[in-house]
Structure formats: structure tokens, C-alpha cells
Amino acid sequence: MTVSALIILIYVLVLASYLGFELISKVPPTLHTPLMSGSNAISGITIVGALIACNEMGYTTLSKWLGMVALILATVNVVGGYVVTDRMLKMFKKK
């Protein structure tokens, strides 16, 4: 990987982190849990990328291990989002 490609990747990471922080900080607390539990399913995109990184031939061992870590964390995030959403919806069901 060239130095210019690494700088571009770091730039995208910093910009995405800043944008995500700014967007989430503007959400009122009453909407934060429903919004986050629903949007955790977007981590499915991360799961697909991590599967490609884990399985692609020609990638280094480091990228395969990082892909495996990303796969595990994204899976935990998706499952947690569904659990939170399920618990939240159970609060509105009649007993």
C-alpha cells in the first residue's frame, strides 16, 4: 500500500468519525435508542466487508485477522440492535 493511499484512508476514517459524532450528538435523547437500535442493522455492510477481508486470497495475515475482529464486532452490534429493538417493542405490548 502506498503512502498516499494510506493517507486517503486515514482521511476518510477521520472524516467519517467526525460526521458520525456530529450527527449522533444532534439526536434528542428520547429518539436515540430507537434510532440506534434500528440503524445497527446497517452493520450488515460491515459484515459483508469483513467476510471479504477474511476470505480474499492475496490479503496479508494482518488484514485477515482485522477482518475477523470486524466480523465479530459487527455481528455483536447487529444482534444487540435486534435485542434492544425487541425489548423496546415489548414495552408497548398489552399484558
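What follows draws every value from the coordinates through simple rules; no lab data is involved. Given the structure is predicted, the values throughout are model-derived calculations rather than measurements. Note that we place each Cβ from the backbone using ideal geometry, even for glycine, and neighbour counts take in every protein chain shown.
Brief remarks on what is shown
- Within the chain: Cβ-based charge dipole about Cα centre, in debye rounded to nearest 20 (Lys, Arg +1; Asp, Glu -1): 620 debye
- Note: relative contact order over the chain, using C-alpha pairs below 8 Å and six or more positions apart, is 30 percent.
- Within the chain, helix-based [θ] at 222 nm, where runs of 4 or more DSSP H residues each add -39,500 (n - 2.57), nearest 500: -27500 deg cm²/dmol
- Computing Cα Rg over 2.2 N^0.38 Å directly from the structure and comparing it against [x] 1.17; [y] 1.38; [z] 1.00 singles out [y].
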